[in-house]
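Remarks on the structure that follows.
The values are calculated or read from the model by the stated rules, or taken from the named source; none is laboratory data. Owing to the predicted nature of the structure, the values given are computational and were not obtained by experimental measurement. Cβ placement follows ideal geometry from the backbone for every residue including glycine, while neighbour counts extend to all protein chains displayed.
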Amino acid sequence: MSKETATMTLLLLGIATVIGGLIGGFLGDFAERKRKGGRAILTGLAIFFGMIVTILILIYPLPSEPTLLDWLSITFYSIGLIQLISYAGPNVRAIISQVNLPEDRGTVFGVFNILDNVGRAIGPLFGGVLIEYLRIIGYSNPDAYMWTLLISTLFWIPCSLIWILIYRLYPRDREEITRILEERVRKLISTKHH
């Protein structure tokens, strides 16, 4: 694949993830209004199906000189399906803020961001080790990269399964935080009237 083709493909994928972040937030709010824990269900499903559409785009043999039809296909695929990948982002943050008291949210988000960045830092390290291992056992450079990306994407399976547990705990935790905050409001109002 040429540099220009790769750059344009990444641009389309980037646009799709921005769109997905916006749509994912709205869909998460809608899912939660329809069903307690709906935001967690949406997030788990988006991660799982996002994994599948990512694998499909990784194995799609995009030609070095794509035709207009190729570009239209990749554009519709990206905007229609790849956006699923980014549904989790706004919903994870919403869930974190809804199950933690205001005075704890800064710390929780700090820990979340640290762990997220640690994952982003060590992921490429493990990826590089896997690429080198695959090269040593005889894979060509393109195949080593391809298999590393495919294997890495499969780690989204346990990530999506964790959302089953979160789905079970999230509504209860959210209700407890709401109860505590409402109790605080009642105390403030009663103190103000006395």
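So which residues in the range 120-143 are in a helix (DSSP H, G or I) and either loosely packed, with under 10 Cβ neighbours inside 10 Å or among the hydroxyl-bearing types (S, T, Y) (or both)? Break it down stepwise before answering.
To start, the set of residues in the range 120-143 that are in a helix (DSSP H, G or I) comprises 120-136, 141-143.
Residues satisfying the conditions are R120, A121, L125, Y133, I136, P142.
Please go through the range 27-84 and pick out each residue that is of a type in the set (S, T, N, Q), over 23 Å from P142 (Cα atoms) and under 16 Å from the mean Cα position of the chain (by Cα). Across the range 27-84, the qualifying residues are T43, Q83.
Being in a loop (DSSP other than H, G, I, E, B) and touching a residue at least 40 places away in the same chain (Cβ under 8 Å) is the filter; apply it to the range 1-53 and report the residue that is surrounded by the fewest Cβ atoms within 10 Å (Cβ to Cβ). Step through it out loud before you land on a result.
Narrowing the range 1-53 to residues in a loop (DSSP other than H, G, I, E, B): 1-2, 35-37.
Right, trim to touching a residue at least 40 places away in the same chain (Cβ under 8 Å) and you get 1-2, 36-37.
Numbers: M1: 14, S2: 11, K36: 14, G37: 19.
My answer is S2.
Restricted to the range 8-21, and to residues that are modelled with pLDDT of 85 or more and out of contact with any helix residue (DSSP H, G or I) (no Cβ under 8 Å at 6 or more places or on another chain), which residue is farthest from I95 (Cα to Cα)? Restricting to residues being modelled with pLDDT of 85 or more and out of contact with any helix residue (DSSP H, G or I) (no Cβ under 8 Å at 6 or more places or on another chain), the top hit is L11. All conditions but one from (1) under 23 Å from I162 (Cβ atoms); (2) among the polar types (S, T, N, Q); (3) in a helix (DSSP H, G or I) apply to T75; the one that does not is (1). For L181, state whether it is modelled with pLDDT of 95 or more and not polar (S, T, N, Q). Judged against the criteria, L181 is not a match.
Can you find a residue in the range 83-96 that is touching a residue at least 60 places away in the same chain (Cβ under 8 Å), surrounded by 11 or more Cβ atoms within 10 Å (Cβ to Cβ), of a type in the set (S, T, Y) and in a helix (DSSP H, G or I)?
First, the residues of the range 83-96 that are touching a residue at least 60 places away in the same chain (Cβ under 8 Å): 83-91, 94-95.
From what's left, surrounded by 11 or more Cβ atoms within 10 Å (Cβ to Cβ): 83-91, 94-95.
Among the residues that remain, those that are also of a type in the set (S, T, Y) are: 86-87.
Then keep just the ones that are in a helix (DSSP H, G or I); that gives 86-87.
Yes, the range 83-96 contains a residue that is touching a residue at least 60 places away in the same chain (Cβ under 8 Å), surrounded by 11 or more Cβ atoms within 10 Å (Cβ to Cβ), of a type in the set (S, T, Y) and in a helix (DSSP H, G or I).
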